[in-house]
Amino acid sequence: MALAALTLMPAVAGSRQSDPVVMTVNGKDVRQSEFQYLYNKNNLQQVAPQTIDEYVDMFVTYKLKVADAEAAGIDTTAAFRNEFNGYCMELTAPYLRDKKVEDRLVDEAYARMKVSRCVSHILVPLGMTRAERKANREKLDSIRAAIVAGADFGEMAMRYSVDRSALQNRGNLGFINANSFPYPFEKVAFDTPVGAISEVFEDAPYGYHIIMVTAERPASGEVSARHILKLTQGMSPEEAAIQKSRIDSIAGLLKNGADFEALARAESEDPGSAARGGNLGFFGRGRMVPEFEEAAFSLNPGEISEPFATAYGYHIVQTLEVKPIPSLEECRKEILAVFNRDIRAKLPQKEYLSSLRESSGVSVDSKVLDGVYARIDSSSDSDQAFEALKVDQTVLAHFPTGDVKVSDVASGISLRPGMDLALAFEDALDEALDNATVDFARQNLMANNADYRNLVNEYRDGILLFEISNRKVWDRSSTDAQAQLDYFRNHRADYAWEAPRFKGYVVFATSDSLASEVKGFLASKSVSADALAGEMSENFGRDVKVERVLTAKGENNIIDQIAFGGTQAEPVGRWIAWFPYAYKVIDAPEEPADVKGALASDLQQHLEAEWIKDLHNRYKVKVNKKAIKKIASN
């Protein structure tokens, strides 16, 4: 996306001239782009497309409901803000990425997959404070200067590197492949010329490095191989000699035509691969110990090595297949998956935001920032310094959409005991600048990108519409007992029945004797209908259940038997016996609960109609008929 697309003021004026107001609802303008977007979307979802006049009426009602939600303050609630902001972050993300950066990183990763580089490194810690980090970086700078002046890299690695392997390998990591190390390390390892030593670089959280590149060779792709292993690790020389004679015997059998897979199953002492005939699948360089890797990659498909030793024991390896590096298109998905595991996932957005700040003339006031760090460094009490920063209104950076102040950055810090305040402020500043840049970009997108603006407005209005409709109609129709009672009394005739119905409870038991016991219990306690289920559960457990029933003749065999002279009903599952409780046969509904489903649906329609009538009375609507007519003619 071109940064020029985010230039705000001239584009706003032009966009408003080409995007006229089609209606005003409660003083809020609706522009042609939004109306037409929703009109077209609605018609795609309809079996028979609506005329624009039909849609205008529906659209006005929709906007009136949104206006009512705003009047109710729903758009100011924390729940709304959290949901809406979360959606905006997700929607904005694709707009805030520089696709060229992603393509560049993919091309870079693929190019590196074609070579291996032999590197050595020296690592020193980052440090726990900003001052320690500065000192450690300067220390490594001095070490590098000494090496450039003639000091031996391996000796310096053994002396100063905190990578414990340096005592054995003198800092030499051997040949490394792309996507095997953290990106900052990989980038320097592959960018540094062969024979050169890199500048000091940071690879958080590991530390500061310098890298020396000593050789480069073409990458070998991957091989598929199988092996036979005789273990010697932890054995005495005499025991190891016996294993050597055994592997030599196996080698002789293979030379005489014995089946490799069968021998591996029978003789190999590698528990991970023996059951698979020694098969290790495909692997690239850097995955196996060096001796094994060299043997596998030196063979042609089908060839079998002579016995050789590694730290684990004696091996014989057979290379089965050689797979060269795939094409870029074949690798792209794999490369992007690697990106998602390291900092490259964030680089397209980080670089985009940085470029946007630069093109917009936004920068941090270095004098103010230096003053902040000076105050932190000179303070003997971090908590006291932190409290002072939280109320400091000094501006660090000016954005067209608002300033980033010292207090804004401090508010993003969760200071914990032992945490270095200067480092915490540094991290919080980076986040605050990115957040402010995102807000700036979003406002520009809202002003200049109709597709983005329409999606945001649609989602925003949708949240408000759902919540206000739930409050005014949906929730009330099913939970407002007084509204249900009033509507039932006023429309009782609408709920007449053609036949009488049983209304009451049926108690089920797992045996006749238990049913008799329950009857006696109920007779002695005079249990109310509301407490019936609870009493049964508490006193009889899972062997008794209660069902509330409202049904007419012919709809339930058990009720027909109880109330309508039907034949003996068959038991259902383990429920052998039953009897009615607190019941009667009624000719018409007595209360809203008797017609619950139908009443809720009718009440919902009634509340909706009354609400819409009230909306038209309370809020003003002005439709630009000329603009609507122009849309219809296009």
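The values are calculated or read from the model by the stated rules, or taken from the named source; none is laboratory data. Being a predicted model, the structure only gives us computed values, none of them experimental. So basically every Cβ, Gly included, is an ideal-geometry build from the backbone, and we count neighbours across all protein chains shown. What goes into the accessible areas is simple: the full protein's heavy atoms, side chains included, and nothing from ligands, DNA or RNA. Shrake-Rupley method; radii C 1.70, N 1.55, O 1.52, S 1.80 Å.
Details
- Screening the candidates L280, L263 for the property of being touching a strand residue (DSSP E or B) at 6+ places or on another chain (Cβ under 8 Å), at pLDDT 95 or above, surrounded by 14 or more Cβ atoms within 10 Å (Cβ to Cβ) and under 19 Å from V223 (Cα atoms) yields one hit, L280.
- Of all residues in region 313-353, those satisfying the criterion of being modelled with pLDDT of 95 or more and of a type in the set (S, T, Y) are Y314, T319.
- A219 being within 36 Å of the chain's Cα centre (by Cα) and at pLDDT below 95: yes
- Filtering region 317-367 to residues that are acidic (D, E), open to solvent by 50 Å² or more (accessible area, probe 1.4 Å) and closer than 20 Å to A204 by Cβ leaves only E351.
- Filtered residues of region 448-466 (kept if modelled with pLDDT of 95 or more, of a type outside the set (A, V, I, L, M, F, W, C) and open to solvent by 60 Å² or more (accessible area, probe 1.4 Å)): Y459
- The set of residues from region 333-367 being of a type in the set (D, E, K, R) and part of a helix (DSSP H, G or I) comprises K333, E334, R344, K350, E351, R357, E358, K367.
- Of the helices (runs of 4 or more DSSP H) contained entirely in region 446-491, those carrying at least 2 residues that are of a type in the set (V, I, T) fall at 450-469.
- Of the residues making up region 214-244, just one is open to solvent by 60 Å² or more (accessible area, probe 1.4 Å), under 15 Å from H315 (Cβ atoms) and in a helix (DSSP H, G or I), namely K244.
- Against the list (1) in contact with an Asp or Glu (Cβ under 9 Å, 6 or more places away or on another chain); (2) in a helix (DSSP H, G or I), the condition L123 fails is (2).
- Remark: Y505 matches the filter, which requires a residue to be at pLDDT 95 or above and either open to solvent by less than 60 Å² (accessible area, probe 1.4 Å) or under 30 Å from E570 (Cα atoms) (or both).
- Within region 508-533, residues that are free of Cβ contacts under 8 Å to residues at least 24 places away in the same chain have Cβ atoms under 6 Å from residues that are surrounded by 11 or more Cβ atoms within 10 Å (Cβ to Cβ) in these pairs: V527/E535; A533/V546, counting only partners at least 6 apart in sequence or on another chain.
- Per this entry, R112 is counted among residues that are among the charged types (D, E, K, R), modelled with pLDDT of 90 or more and more than 30 Å from D427 (Cα to Cα).
- A93 vs. criteria open to solvent by less than 40 Å² (accessible area, probe 1.4 Å), touching a residue at least 12 places away in the same chain (Cβ under 8 Å) and outside any loop (DSSP other than H, G, I, E, B): yes
- If you go through region 100-151 and pick out every residue that is open to solvent by less than 20 Å² (accessible area, probe 1.4 Å) and either among the hydroxyl-bearing types (S, T, Y) or within 33 Å of the chain's Cα centre (by Cα) (or both), you end up with 9.
- Positions within region 283-316 being aromatic (F, W, Y) and either surrounded by fewer than 16 Cβ atoms within 10 Å (Cβ to Cβ) or over 30 Å from A240 (Cα atoms) (or both), in sequence order: F308
- Considering only residues in region 283-322 that are of a type in the set (G, A, S), touching a strand residue (DSSP E or B) at 6+ places or on another chain (Cβ under 7 Å) and not in a helix (DSSP H, G or I), the one that is nearest to G234 (Cα to Cα) turns out to be G313.
- Any pair with Cβ under 6 angstrom, 6 or more apart, that starts in region 26-48 at a residue that is on the phi > 0 side of the Ramachandran plot and ends at one that is open to solvent by less than 70 Å² (accessible area, probe 1.4 Å) and outside any helix (DSSP H, G or I): N26/Y619
- Enumeration of residues in region 378-420 that are in a helix (DSSP H, G or I) and in contact with a helix residue (DSSP H, G or I) (Cβ under 7 Å, 6 or more places away or on another chain): S382, A385, F386, L389, K390, V406, S407, D408, V409, A410
- Close contacts from region 600-622, counting a first residue that is closer than 23 Å to V22 by Cβ and a second that is of a type in the set (D, E, K, R) and outside any helix (DSSP H, G or I), with Cβ to Cβ under 9 Å and a gap of 6+ residues or different chains, come to none at all.
- Any hit, region 385-392, residues being aliphatic (A, V, I, L, M), surrounded by 13 or more Cβ atoms within 10 Å (Cβ to Cβ) and within 31 Å of the chain's Cα centre (by Cα): no
- Some residue of region 261-271 being within 40 Å of the chain's Cα centre (by Cα) and without any contact (Cβ under 8 Å) to a residue 40 or more places away in the chain: yes
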